[in-house]
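Nothing in this text is a laboratory measurement; each read-out follows from the coordinates by a stated rule. Please read these numbers as outputs of a predicted model, since none were measured by experiment. Every residue, glycine as well, gets a Cβ built from its backbone with ideal geometry; the counts of neighbours run over all protein chains shown.
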Amino acid sequence: MNPAAEGTTYPAVAFIVDPSRVAAFRALFGIDEGVPPTFVTAAEFAAFPQVVADRHLDLDFSRVVHGSQGYDFRRPLREGEALVVRARIESIRMRGGNGFVMIAMDLEDADGVVVCTARSQMIERAAEA
Amino acid sequence: MRPIETVSIGDQLPELSRVVTREDVRGYADASGDHNPLHRDDAFARSVGFPGIIAHGMFTMGHMAAAVVAWAGRPDAVLAVSAQFRAPVFMEETIVAGGRVRSIDDGTATAVLETWVRVERGGRTEWPVKKGEARVRLA
């Protein structure tokens, strides 16, 4: 991983809050109504391919573990709505051969309002000697 | 939503348990779009040092969030939720989500919960989610 990639931003990616996927999340977690909070992970996966393919960032996904995850909502997601997902590399720290990258994603609605910010900390473990 | 006058600092959330199955993990991969082989291919999981496939961290966090939603009364009462992933979850293990009220803000009618997911393994308690947190709107 390249620490100089801190601050990278990626082009917006379209994401629809597909009611059938939302229903699948509800069924998996026994939630009766609404959009389960962690459904946002589906939006993150719409934008992740750009991060994984970023040669400047040079993240080796085969050595990555998920360190932490957070979601901050300005308002709930609405079933069926069209959002865009904007990803950025918020911070990169290297420690003991391991790399810690915080990937932040803003989910914006059709009015350009950020409805949720997702933060994923990925840990790229040191390569085997 | 949960009425603020019924909530006190230190209140415990009802624990929520489930056994994690291969079917759950396959269903989660399809719904989320996370098709990492670590969660579907035992041979791959063994090649990176696990005894077999593990659940997605986000599956475990989704279970934790379900415990928060159950306490809050509805999903849109959850204003924020976060988790640190500290241990893997293997198939057929029972994960237990829990939490307690850390603080209450009367001005915004919100509560902050500390939350976790534990699993009993080999006679000791492991923490797939430690230092989880949720901010919840109260009525």
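Shown for the range A:1-55 is the translational diffusion coefficient from the Stokes-Einstein equation, using the Kirkwood radius over Cα pairs, a temperature of 37 °C and a viscosity of 0.692 mPa s: 248 µm²/s.
Here the relative contact order of the range B:1-124, from alpha carbon pairs under 8 Å that lie six or more residues apart, stands at 34 percent.
Summary: within chain A, the longest segment free of GluC sites (Glu not before Pro) located in DSSP loops with at most 16 other C-beta atoms within 10 Å is A:82-127. Here the residues B:T110, B:T115, ranked from fewest to most Cβ neighbours within 10 Å of their Cβ, fall in the order B:T110, B:T115. The alpha carbons of the protein assembly as shown give a radius of gyration and a Dmax of 18.2, 58 Å, in that order.
On a 0 to 90 degree scale, rounded to 10, what angle separates helix A:19-29 from the longest Cα axis of chain A? Its long axis makes an angle of about 70 degrees. Summarising the amide proton neighbourhood of B:V129: residues at separation of 5 or more, or on other chains, whose placed amide H is nearer than 5 Å comprise B:R86, B:V117.
In loop segments of the range B:47-117 as defined by DSSP, the GluC sites (Glu not before Pro) with at most 12 further C-beta atoms inside 10 Å of their C-beta are B:E92. Across the range B:55-68, computed HN-Hα scalar couplings (Karplus, 6.51 cos²θ - 1.76 cosθ + 1.60, θ = phi - 60°) run 6, 4, x, 6, 5, 5, 5, x, 5, 4, 5, 5, 5, 5 Hz from first to last residue, x flagging Gly and Pro. The calculated FRET efficiency for the pair A:R95 and A:V52, based on their C-beta separation and a Förster distance of 30 Å, comes to about 0.85. The trypsin sites (Lys or Arg not before Pro) of the range B:9-51 that DSSP puts in a loop, and whose beta carbon has at most 16 other beta carbons within 10 Å, are B:R40. Residue-wise HN-Hα couplings along the range B:71-87, as the Karplus relation 6.51 cos²θ - 1.76 cosθ + 1.60 with θ = phi - 60° gives them from phi, are 6, 6, x, 6, x, 7, 7, 8, 8, 7, 8, 8, 7, 10, 8, 10, 7 Hz; Gly and Pro carry x. From helices alone, chain B scores -7000 deg cm²/dmol at 222 nm; the rule is -39500 (n - 2.57) for each run of n ≥ 4 DSSP H residues, then divide by the residue total.
Which order, highest average first, do B:2-9, A:58-65, B:77-84 follow once you tally other Cβ atoms within 10 Å for each residue and take the mean per peptide?
By packing density, highest mean first, the sequence is B:77-84, A:58-65, B:2-9.
For the range B:70-117, the orientation-averaged shadow of the C-alpha convex hull comes to 4.3 nm² (one quarter of the hull surface).
With distances taken between every two different alpha-carbon atoms, chain B has a Kirkwood hydrodynamic radius of 15.7 Å. Run the paramagnetic zone check for B:T6: 7 angstrom along Cα to Cβ, then residues of the range B:72-112 with backbone nitrogen under 11 Å. Counting backbone N atoms under 11 Å from the label point, the list is B:72-73.
Rounded to whole numbers, the Karplus 3J(HN,Hα) couplings from phi for the range B:111-126 are 10, 9, 10, 9, 9, 7, 9, 10, 9, 8, 9, x, x, 9, 8, 10 Hz, using 6.51 cos²θ - 1.76 cosθ + 1.60 with θ = phi - 60°, and x at Gly and Pro. What percent does the relative contact order of chain A come to when contacts are Cα pairs within less than 8 Å and at least six residues apart? Relative contact order comes out at 32 percent.
Between A:A4 and A:F45, the distance separating the two model label sites (each 7 Å from Cα on the Cα→Cβ line) works out to 3.4 nm.
The helix-only estimate of mean residue ellipticity at 222 nm for chain A, built from DSSP H runs of length n ≥ 4 each weighted as -39500 (n - 2.57), is -6000 deg cm²/dmol after division by the residue total.
Under a 5 Å amide H cut-off, with hydrogens placed 1.01 Å from N, B:E93 pairs with B:V20 among residues at least 5 apart or on other chains. When the alpha carbon gyration tensor of chain A is reduced to an equivalent ellipsoid, the three semi-axes, largest first, read 29, 16, 12 Å.
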